[in-house]
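Engineer: Below you will find the structure I want to go over with you.
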Amino acid sequence: MLEKDITAKIIKFLNGLPFTHAHKVHGGPYGGGEPDIDATMYGRTLKIEVKLPGGKPTERQAAILSKWEKAGAHVGCATSVDEAVAIVVKLLRSCDHPETDRLAAQLQNGLHQ
């Protein structure tokens with residue numbers, strides 16, 4: 001499986017969630033480094049860097065993720081939909097709302113599959 005395949009699966013998962021919009025960020029000719037997935041969930045910014053299993057963000061990618069996090073975004077690196085679910089659950093738990101708590105519990109119990 002290629003990184004683009006993992007990215008597509010994560011985007012499909014995210015766009016299947018309520019109050020969520022996600023899309024692929026395409027790299028440009030000016031150095032890149034932005035996270036692969038840009039999303040908004042329940043009015044909160046989510047940035048996900050996608051890697052193949054065993055992969056880690058480059059130094060530049062990690063620095064950009066850190067900048068987004070300092071600006072208030074929820075960030076993470078995922079090598080699978082399951083890892084993306086863990087990032088999403090953390091975001092949902094931060095909303096402190098019964099609806100998002102319920103969705104987080106469903107996702108943790110594997111109901112996303």
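Read-outs: derived from the displayed coordinates by stated rules, not from any lab. Predicted, not measured: the structure shown is a model, and the values here were computed from it. FYI the Cβ positions are ideal-geometry reconstructions off the backbone, even for glycines, and counts take in every protein chain you see.
Engineer: Got a number for residues in the range 65-90 being in a loop (DSSP other than H, G, I, E, B) and within 26 Å of ARG102 (Cα to Cα)? Please lay out each step first, then the result.
Structural biologist: Looking only at the range 65-90, we keep the residues that are in a loop (DSSP other than H, G, I, E, B), and these are 71-73, 79-80.
Okay, now just the ones that are also within 26 Å of ARG102 (Cα to Cα), so 72-73, 79-80.
Total meeting the criteria: 4.
Engineer: I'd like to verify a number: residues in the range 41-61 that are under 18 Å from ALA78 (Cβ atoms), without any contact (Cβ under 8 Å) to a residue 24 or more places away in the chain and loosely packed, with under 15 Cβ neighbours inside 10 Å, how many?
Structural biologist: 1
Engineer: Please count how many residues of the range 71-111 are without any contact (Cβ under 8 Å) to a residue 12 or more places away in the chain and on the phi > 0 side of the Ramachandran plot.
Structural biologist: Looking only at that region, the number is 2.
Engineer: Since ALA71 meets every condition but one in (1) more than 16 Å from ALA22 (Cα to Cα); (2) surrounded by 13 or more Cβ atoms within 10 Å (Cβ to Cβ), which condition does it not meet?
Structural biologist: Failed condition: (2).
Engineer: Can you confirm whether SER80 is closer than 23 Å to ASN109 by Cα, of a type in the set (Gly, Ala, Ser) and either within 14 Å of the chain's Cα centre (by Cα) or crowded, with 17+ Cβ neighbours inside 10 Å (or both)?
Structural biologist: Numbers: closer than 23 Å to ASN109 by Cα: yes; of a type in the set (Gly, Ala, Ser): yes; either within 14 Å of the chain's Cα centre (by Cα) or crowded, with 17+ Cβ neighbours inside 10 Å (or both): yes.
Yes: the conditions hold for SER80.
Engineer: Evaluate the following for LEU65: is it hydrophobic (A, V, I, L, M, F, W, C), on the phi < 0 side of the Ramachandran plot, touching a His at 6+ places or on another chain (Cβ under 6 Å) and surrounded by 20 or more Cβ atoms within 10 Å (Cβ to Cβ)?
Structural biologist: Details: hydrophobic (A, V, I, L, M, F, W, C): yes; on the phi < 0 side of the Ramachandran plot: yes; touching a His at 6+ places or on another chain (Cβ under 6 Å): no; surrounded by 20 or more Cβ atoms within 10 Å (Cβ to Cβ): yes.
So LEU65 fails the test.
Engineer: What number of residues within the range 21-41 are assigned to a loop (DSSP other than H, G, I, E, B) and within 30 Å of ARG102 (Cα to Cα)?
Structural biologist: Going through the range 21-41, the residues assigned to a loop (DSSP other than H, G, I, E, B) turn out to be 25-36.
Filter again for within 30 Å of ARG102 (Cα to Cα), leaving 25, 35-36.
Selection size over the range 21-41: 3.
Engineer: Which of the numbered conditions does PRO18 fail, given that it passes all the others? Conditions: (1) surrounded by 15 or more Cβ atoms within 10 Å (Cβ to Cβ); (2) in contact (Cβ under 8 Å) with a residue 60 or more places away in the chain.
Structural biologist: Every listed condition holds for PRO18 apart from (1).
Engineer: Would you tally the residues in the range 42-64 being over 16 Å from MET1 (Cα atoms), basic (Lys, Arg) and in a loop (DSSP other than H, G, I, E, B)? It would help to see each step written out before you state the result.
Structural biologist: Let us first name the residues in the range 42-64 that are over 16 Å from MET1 (Cα atoms), namely 42-49, 56-64.
Checking which are basic (Lys, Arg) leaves us with 44, 47, 56, 60.
Next, only the ones that are in a loop (DSSP other than H, G, I, E, B) stay: 56.
Qualifying residue count for the region: 1.
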